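I have placed the structure first, in the form of structure tokens, so that the comments after it can refer back to it.
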Amino acid sequence: MMQSDQGTGPAKIRVVIVGGGTAGWMTAAAFGRLAGAACQVTLVESEAIGTVGVGEATIPQIQLFNAALGLDEAEFLRETSGTIKLGIEFRDWLRPGHAYMHGFGTIGRGLGLTPFHHYWLRARALGIADAFGAYGLNNVAAYAGRFARVDPVRHAPAPAMPYAFHFDAARYAAYLRDKAEAAGVARVEGRIIGTRLADNGDIAGVTIEGGREVTGDLFIDCSGFRALLIGEALGVGYEDWRDWLPCDRALAVPSENVAPPDPFTRATARTAGWQWRIPLQHRTGNGYVYASRFVSDDAAAATLLANLDGPALGDPRPLRFTPGKRRTFWHRNCVAVGLASGFLEPLESTSIHLVQTAISRILAFLPAGAMAEADRAEYNRLTHFEYDHIRDFLVLHYHANQRHGEPLWDHVRTMALPGELVRKLDLFRASARVSRREDELFAEPGWLQVLIGQGVLPDAWHPLADALTPGQLADFLGAVRDIAANAVSAMPSHTRFLDGIAAAPATPLKVAR
């Protein structure tokens, strides 16, 4: 039952967040900042329980979340040892020795109603095209190690250059904790030892060590893979996606920086999975995501340690997971957020984004009284849609490969695919068209870069792309390429940008209390 604040005014919704870490403190900070007038927010966590903390790379939508919290970007980068991210480089995914960039933003520019990639495909067939990424501002800037905030109105004819961040997830959680507590969020320390259900099946409260009970109206499960509320207490099942995404383990280890941080994430394919490299100001984050049925843990650790840019700053930390999603995300008065709701490997840096969209959706569907079943159903439909379409995009990276003779890669190249991905591949191969449904996360530029980067090339292009003569086509592509190159040449280096506004604090941020 919702309770009024000290018996006066409208009743406040008692929101209990179970679990801290990135997901918990993102949720707490958002509720404290955006819903403090309507909600009484309590976060329960135990410092004795560690967090996963592998999600250090993001996509541009994180800027919307930070802005909603009123965060200053320079302060945020300082407090989290953050760097700029312009995209993700995929090395050896198509075949060993091959690389491409999935940069944020657009590639080239269309003519009239005809998108740029149709002209590029025709030019490629004529042998007069550069690599697809050479026509993207983010891609060129990433490889040049340069960055500047680009306003396409002031810097015409350059397009916008969207960007995201790499940051230390533990520092981000600590930074948001400060913001959340300043906004009135109460933190309760202690390990949860029990969950009490009401007669109607809702969660009534959670009991922590020592016997104290924390009661509430709405419970948000940020307890990680354990899924203490949504899974253990309410018994909501889990959908296993290992048939499509066979990687089920990861090893993570930081290493010393040996060069200025690149403004992009790197994902390098390995025999039994892939390795990430995330450059921060104070260190580099590394990890190996792998399929345990194709490699032993010891061999995976050896591979990871043998492929670091600098000396390791510790031993590899193991993580076991089952790729997939919760069968229901909002059940009764409990919503799962973060790892409690599902896990998609961080290949396209969507982990923190899924936390962000869950928070936004919860706030949008926040009930004034009893939760309507229709609202719960719509929340779940939207979240299932999001998970399913991100899954398909990740599966594409694995499926479209030419790494023959390696068991993992042979398996994913020949496996049956989700129906929606089959439809997308058939459409692109037939006519170079990419269709995007509703609010699907990855838009046409992302699909195009990965499809082309993974060697999926269509049989035809739009007939309007034939309107230019070969000479006109070469001039057009050259002008588009030069716009990106000239814009990047005027930018400062990424390192200079960081030195100017976001140098890490001399004293490390305290993340344990």
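Looking across segment 78-88, the residues that are under 20 Å from residue 148 (Cβ atoms) and in a loop (DSSP other than H, G, I, E, B) come down to 82, 86.
In the list 432, 465, which residue meets the criterion of being in contact (Cβ under 8 Å) with a residue 60 or more places away in the chain, of a type in the set (A, V, I, L, M, F, W, C) and over 18 Å from residue 100 (Cβ atoms)?
Details: 432 fails: over 18 Å from residue 100 (Cβ atoms).
Residue meeting the stated conditions: 465.
Do the conditions hold for residue 395, that is, is it more than 19 Å from residue 221 (Cβ to Cβ), free of Cβ contacts under 8 Å to residues at least 24 places away in the same chain and in contact with a Phe, Trp or Tyr (Cβ under 7 Å, 6 or more places away or on another chain)? So residue 395 fails the test.
Among the residues of segment 137-151, is any under 21 Å from residue 468 (Cβ atoms) and in contact with a Gly (Cβ under 7 Å, 6 or more places away or on another chain)? Outline the logic, then answer.
Initially, segment 137-151 is screened for residues under 21 Å from residue 468 (Cβ atoms), giving none.
There is no residue in segment 137-151 that is under 21 Å from residue 468 (Cβ atoms) and in contact with a Gly (Cβ under 7 Å, 6 or more places away or on another chain).
Would you mind stating whether residue 403 is crowded, with 16+ Cβ neighbours inside 10 Å, at pLDDT 95 or above and among the charged types (D, E, K, R)? When the stated conditions are applied, residue 403 passes them. For segment 458-480, filtering for residues that are within 27 Å of residue 400 (Cα to Cα) and loosely packed, with under 12 Cβ neighbours inside 10 Å leaves 2.
Based on what the data block shows, is residue 383 among the β-branched types (Val, Ile, Thr) and within 22 Å of the chain's Cα centre (by Cα)? So residue 383 passes the test.
Filtered by the rule that a residue be closer than 21 Å to residue 64 by Cβ, under 25 Å from the mean Cα position of the chain (by Cα) and in a loop (DSSP other than H, G, I, E, B), segment 16-49 gives a lone residue, 35.
Residues that are more than 23 Å from residue 15 (Cα to Cα) and within 29 Å of the chain's Cα centre (by Cα): which strands (runs of 3 or more DSSP E) entirely in segment 152-242 hold 2 or more of them?
Working: elements: 164-166, 186-189, 192-197, 203-208, 213-215, 218-221, 238-240.
Those strands (runs of 3 or more DSSP E) span 164-166, 238-240.
The residue pairs whose first member lies in segment 226-239 and is hydroxyl-bearing (Ser, Thr, Tyr), whose second member is assigned to a strand (DSSP E or B) and surrounded by 21 or more Cβ atoms within 10 Å (Cβ to Cβ), and whose beta carbons are closer than 7 Å, counting only pairs six or more residues apart or on different chains, are 238/326. Determine, yes or no, whether residue 105 is small (Gly, Ala, Ser), surrounded by fewer than 23 Cβ atoms within 10 Å (Cβ to Cβ) and in contact with a Pro (Cβ under 6 Å, 6 or more places away or on another chain). So residue 105 passes the test.
Residues checked against (1) out of contact with any helix residue (DSSP H, G or I) (no Cβ under 8 Å at 6 or more places or on another chain); (2) within 29 Å of residue 293 (Cβ to Cβ); (3) part of a strand (DSSP E or B):
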residue	(1), (2), (3)
322	yes, yes, no
379	no, no, no
390	no, yes, no
405	yes, yes, no
409	no, yes, no
422	yes, yes, no
426	yes, no, no
436	no, no, no
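Of all the listed residues (192, 208, 230), the sole one being surrounded by fewer than 22 Cβ atoms within 10 Å (Cβ to Cβ), more than 30 Å from residue 137 (Cα to Cα) and either β-branched (Val, Ile, Thr) or touching a Leu at 6+ places or on another chain (Cβ under 6 Å) (or both) is 208. Do the conditions hold for residue 441, that is, is it under 29 Å from residue 289 (Cα atoms), of a type in the set (A, V, I, L, M, F, W, C) and part of a loop (DSSP other than H, G, I, E, B)? Considered against the rule, which asks whether it is under 29 Å from residue 289 (Cα atoms), of a type in the set (A, V, I, L, M, F, W, C) and part of a loop (DSSP other than H, G, I, E, B), residue 441 comes out as yes.
Exactly one residue out of 91, 95 is within 23 Å of residue 144 (Cα to Cα) and surrounded by fewer than 21 Cβ atoms within 10 Å (Cβ to Cβ): that is 91.
Are any residues in segment 122-151 assigned to a loop (DSSP other than H, G, I, E, B) and either modelled with pLDDT under 95 or of a type in the set (Val, Ile, Thr) (or both), and if so, which ones? First the steps, then the outcome.
Restricting attention to segment 122-151, the residues satisfying the condition of being assigned to a loop (DSSP other than H, G, I, E, B) are 127-131, 136, 145, 147-151.
Of everything in segment 122-151, those that are assigned to a loop (DSSP other than H, G, I, E, B) and either modelled with pLDDT under 95 or of a type in the set (Val, Ile, Thr) (or both) turn out to be 128, 148, 149, 150, 151.
When 284, 357, 322 are screened for being within 21 Å of the chain's Cα centre (by Cα) and under 22 Å from residue 264 (Cβ atoms), only 284 passes. All of 218, 245 fail the test of being buried (at least 22 other Cβ atoms within 10 Å of the Cβ) and over 18 Å from residue 395 (Cα atoms), apart from 218.
Looking at 173, 99, 180, 142, which is the one that is farther than 29 Å from residue 432 by Cα and touching a strand residue (DSSP E or B) at 6+ places or on another chain (Cβ under 9 Å)? Please lay out each step first, then the result.
Working: 173 fails: touching a strand residue (DSSP E or B) at 6+ places or on another chain (Cβ under 9 Å); 99 fails: farther than 29 Å from residue 432 by Cα; 142 fails: farther than 29 Å from residue 432 by Cα.
Exactly one of 173, 99, 180, 142 is farther than 29 Å from residue 432 by Cα and touching a strand residue (DSSP E or B) at 6+ places or on another chain (Cβ under 9 Å), namely 180.
The values are calculated or read from the model by the stated rules, or taken from the named source; none is laboratory data. Given the structure is predicted, the values throughout are model-derived calculations rather than measurements. Glycine gets a Cβ as well: all are built from the backbone with ideal geometry, and neighbour counts include every protein chain shown.
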